[in-house]
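Enquirer: Quick one: the structure is below, questions incoming.
Each value in this text was obtained by applying a stated rule to the coordinates, not by laboratory testing. Remember, it's a predicted structure, so these values are computed and weren't measured experimentally. Here the Cβ positions follow ideal geometry from the backbone for every residue, glycine too, while neighbour counts run over all protein chains shown.
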Amino acid sequence: MHPMPQVERSSRRAFLSQAGGGFGAIALASLLADDGRGLGGEKSAQADAGVQPHFAPRVKRVIWLFMHGGPSHVDLFDPKLDLIRYAGKPLPESFGSVMTRRKVAENPLLAPVKPFQQRGESGLPVSDFLPEIASHADELCVIRSMHGDSVNHPQSVYQMNTGNILMGRPSVGSWVSYGLGSENRDLPAFVVLPDPSGGVKGGPPAWGSGYLPANYQGVTMRAGSQPILHLRPQPQISTAQQRSTLDLIQQLNRDHLALRDNDDELAARMRAYELAYRMQTAAPELVDLTGETADTQAMYGLDQKDTRDFGQRCLLARRMAERGVRFVQVYSGDTNGWDAHSDVMKNHTQMCRATDKPVAALLTDLKQRGLWDDTLVIWGGEFGRMPMSEQGTGRDHNPWGYSVWLAGGGVKPGMAYGATDDVGLRATEKPVHVRNFHATLLHLLGLDPHSLSYFHNGLNERLIGPSDDVEIVKEILS
């Protein structure tokens, strides 16, 4: 018997070139050219060198502090006098639908569990839960009217990270990496620092590259001698041996790639090999915190048990920003995190104690090191919490109105933008959907959210989705 012939997996590009002849190739080239200024097509081969943004950026990099689980906006950044006035009573009929009122009839309104104070010269209200962040009130731009489309954790995590409640779309960090490349050829453009106590609900697709080439997905790192598992070679293998082996593999891969019409997945894998080799030297130095002064380590809380873990990640984020990493995402909270269903006071006391000091230290450190004006810091979760009680002292999920704050370059400091209703249930004044938030973020980085696209399955896909109605929140820009 003769062996069955192998069937080569053909890309769309190869199919069009071969089946359509010259016309197919011309049509495809046109599509790629159109995608080019949308930073598609040939852009994917230029990641290490980086590309020019669409226009002059306000910031060069982003540090996103993701409070996984859903911090309570009405207990942290959005004070509501009516929650105090009507505490212990049912939701007033003027709020929500009849169905909503019936559903929560047995769950009376819960007053803020800690008092708010007006802070700094701006008078921006911040809860006593966060005294260290409160000292930076004059630097915060709080969006109080964020809203999304799902009450569930995984879908809301996906939406906040990818713009869509469905799994499998490229994350914001992947889009930024795709659009701008890396400023440091030895480090990834997009790094994720997960909580060591556990993963997020929804898992790694929250920082995945989706339909973008695989080299744009987030690279997870951690503090310690092995920032990336399985990156370091075996001790008996010399640097020269490893370089020689990699050169041979890459030459074979290039020959293989040429026969397959430059398949994107194979090309991405080749770039990953090269980046991994360069990171063997760069990554250990990056995560070695011993060179930081004792004062700096204490400022981030590395000398205290409660703040050590998150403090390390915030300090790593600053070190990455210094070294040209475009997008750093720092997670607070395991699979439960800020999810205060049964006891807001207990949960938020623990979570705020672990994060308040490190976050404030990061803001201070960015200023001290001259990184403030071209770095954007984001703080927020996948949604907020309900004004009604759950199990007596907790709060349920609330995607219809919640708070996120920004600080650093490009945004107005010491202000609150938009508003929820009188009890904090829904965004009512200047509502900001997640898509508008993403559009604003890309704009700050010098990327046109309507032009940044990738041709996939016959469509020019975008982070902000297909609608042209998505707008940048210009009122918060400095």
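Enquirer: For the stretch 327-478, what does the alpha-carbon gyration tensor say about shape, rounded, prolate or oblate, given a ≥ b ≥ c as the root eigenvalues, a/c under 1.5 as rounded, and a/b over b/c as prolate? List each step's numbers first, then the result.
Expert: Values: a/c = 1.78, a/b = 1.29, b/c = 1.38.
Taking the square roots of the gyration eigenvalues as a ≥ b ≥ c, the stretch 327-478 is oblate.
Enquirer: Using DSSP to define loop residues, name the chymotrypsin sites (Phe, Trp or Tyr not before Pro) in the stretch 54-95 whose beta-carbon has at most 15 other beta-carbon atoms within 10 Å. Intermediate results must be reported in sequence, preceding the final value.
Expert: Details: sites: F55, W64, F66, F77, Y86, F95; in loops: F55, F77, Y86, F95.
In loop regions of the stretch 54-95 (DSSP not H, G, I, E or B), the sparsely surrounded chymotrypsin sites (Phe, Trp or Tyr not before Pro) are F55.
Enquirer: Shifting gears a bit: I need I378, I143 ordered by Cβ neighbour count within 10 Å, fewest first. Walk me through the numbers on the way to the answer.
Expert: On the way: I378 21, I143 27.
Lowest count first: I378, I143.
Enquirer: Separate question: Quick one: 3J(HN,Hα) in Hz for the stretch 306-322, Karplus 6.51/-1.76/1.60 with θ = phi - 60°, rounded, Gly and Pro as x.
Expert: Per-residue couplings from phi come out as 5, 10, 4, 4, 6, x, 4, 5, 5, 5, 4, 4, 5, 5, 5, 4, 4 Hz.
Enquirer: Okay, moving on. Suppose each label sits 7 Å from its Cα in the direction of the beta carbon; what would the D128-K474 distance come out to in nanometres?
Expert: 4.3
Enquirer: Using each residue's phi in the stretch 448-455, evaluate 6.51 cos²θ - 1.76 cosθ + 1.60 at θ = phi - 60° and report the 3J(HN,Hα) Karplus result to the nearest Hz, with x for Gly and Pro.
Expert: Going residue by residue, I get 6, x, 8, 9, 5, 8, 9, 6 Hz, with x marking Gly and Pro.
Enquirer: Can you sort L180, L248 by how many other beta carbons sit within 10 Å, fewest first? Working shown, then result.
Expert: On the way: L180 26, L248 10.
If I rank by nearby Cβ atoms, fewest first, I get L248, L180.
Enquirer: So, in nm, how far is label R85 from label A294 when the simple model puts each one 7 Å beyond its Cα toward the Cβ?
Expert: Spacing of the two 7 Å Cα→Cβ label points: 5.4 nm.
Enquirer: Further, regarding this structure: What nm value, rounded to one decimal, do you get for the distance between M415 and K305 when each label is placed 7 Å out toward the C-beta?
Expert: Each label point is offset 7 Å from its Cα along the Cβ direction, giving 4.4 nm.
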